[in-house]
1. Taking the Cβ of residue 200 as the center, what net charge do the other residues with Cβ under 12 Å away carry, scoring Lys and Arg +1 and Asp and Glu -1?
2. Could you pull out every residue, at least 5 positions away or on a different chain, whose amide H is within less than 5 Å of the one on residue 150? Hs are placed 1.01 Å off N in the peptide plane, and Pro or chain starts have none.
3. Okay, helix-only estimate at 222 nm for the chain: each DSSP H run of n ≥ 4 adds -39500 (n - 2.57), divide by all residues, round to 500 deg cm²/dmol; what do you get?
4. Give me the net charge of residue 228's neighbourhood, meaning all other residues with Cβ under 10 Å from the Cβ of residue 228; Lys, Arg count +1, Asp, Glu -1.
5. Could you work out how far apart the two model spin labels at residue 280 and residue 119 are, taking each label as a point 7 Å from the Cα in the direction of the beta carbon, and quote it in nm?
6. Could you give the nm distance between label points at residue 372 and residue 340, where each point is 7 Å from its Cα heading toward the beta carbon?
7. With an 8 Å cut-off on Cα pairs and a minimum separation of 6 or more residues, tell me the relative contact order of the stretch 1-137 in percent.
8. Where nothing but the Cβ of Lys and Arg (+1) and of Asp and Glu (-1) is charged, how large is the charge dipole of the stretch 1-131 around its Cα centre, in debye to the nearest 20?
Amino acid sequence: MNLIRLSRSDVGNEEKVAINKVIDKGYLGMGLEVKNFELDLKNFIKTKKDVICVSSGTSALHLSLSCLDIGTGDEVLIPSITYVASFQAISAAGAKPIACDVLKDSGFIDLEDAVKRITKNTKAIMPVHYASDSSYMKKVYKFAKENKLRVIEDAAHAFGCRRNNKFIGAEGDVICFSFDGIKNITSGEGGAVVTGDKVLSKRIRDSRLLGVENDTKARFNESRSWNFNVSMQGFRYHMSDLMAALGRQQLRKIKSFSNIRKRIAQRYLANLKDINGISFLDLNYENIVPHIFVIKVNHKIRDKLREHLKKNNIESGIHYLPNHLLNFYKTKYKLPVAENFSKEVLSLPIHTNLNKSDQFYVIETVKIFFEMIKE
Ligand SMILES: *Cc1c(COP(=O)(O)O)cnc(C)c1O
């Protein structure tokens, strides 16, 4: 029996051909492929906003904060349940992540908890589209407006998903995607910022190339700036043509990837719904391309189920440990919902190479576990 993986990349011949073309050309850095990937993404999302490709989802978040001048002394509201990347991006900018509680049925940031944590130093809120859903964002934008905060959407789980009938990225303040190896599409590693704020996008374009002013323009013309100025802190966060060539091929497959991921989620929902002891998140499954598939079980049996799956060659995951319990981000206060949530969630395998019979094996293995513990 092969190991059934929790997640994996789906990269094929098209990607190999595209990467080989870049290799044959002999220019691997940031050039025409990145320029075209940005255009392709813009066309896919159907937006007039700017799209800026960068080296990772984490660098997309970090650059967004840093180019908004959010740094030392500033605070950013963030759900405790997220990948540590979101927290690291905030602290890398010099700002303080303010961990907030989450909604127990969706893992989304709880605004009633967040409002209590606002101070005169709060500059932004970074909601996370946990398990790909972002239906709650209307409330976040209202909250942000009332409290004069910028919104940086951590949309790492949500590429290809929709909100208000538009693709994520088409609406909102600053939207950050990740294209790491296991996300809905990959560029090897990589990420992108989407924003309609022209001042911000210009700063991000320069800042991703060490702050070298207008270097993006030169590189998109297959040259570079020799005579330049630098007026801000920059980073080495640009995307390479190798990555962009891979990403462009993945983008062409998004429709088929989306269909497969949606079908897998529907199959779990249909076949696990009658099991006493499993509950699902309350998500808008119609509009999402699920990056992870999360079930909730009693915290007393969660790790036993995980062990049972492992014994049967099935990987599972925990999304996520609460960040406010990590040494570096430890809070004096408790976040009870996030702490319970983290003990109850279990992520089942979902990726575009998970075939139907493997998925039914996962489903049967879960069912057997619940029959075993009944006895
Ligand atoms: C993957 C991920 C990130 C970071 O993206 P990278 O491309 O891996 O840097 C940030 N936030 C969340 C919620 C993620 O899942």
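The values are calculated or read from the model by the stated rules, or taken from the named source; none is laboratory data. The structure displayed is predicted, hence computed values, not measured ones. Neighbour counts are summed over all protein chains in view; Cβ atoms, including those assigned to glycine, are modelled from backbone coordinates with ideal geometry. Ligands, DNA and RNA are stripped out before the accessible areas are found, and what is left, the full protein with its side chains, is counted by its heavy atoms. Shrake-Rupley method; radii C 1.70, N 1.55, O 1.52, S 1.80 Å.
1. Neighbourhood net charge equals +1.
2. So residue 150 has HN proximity to 124, 125.
3. After summing the helix terms and dividing by residue count, I get -12500 deg cm²/dmol.
4. -2
5. A separation of 4.2 nm, rounded to one decimal place.
6. The modelled label-to-label distance comes out at 2.7 nm.
7. Relative CO of the stretch 1-137 lands at 19 percent.
8. Dipole magnitude for the stretch 1-131 comes out near 140 debye.
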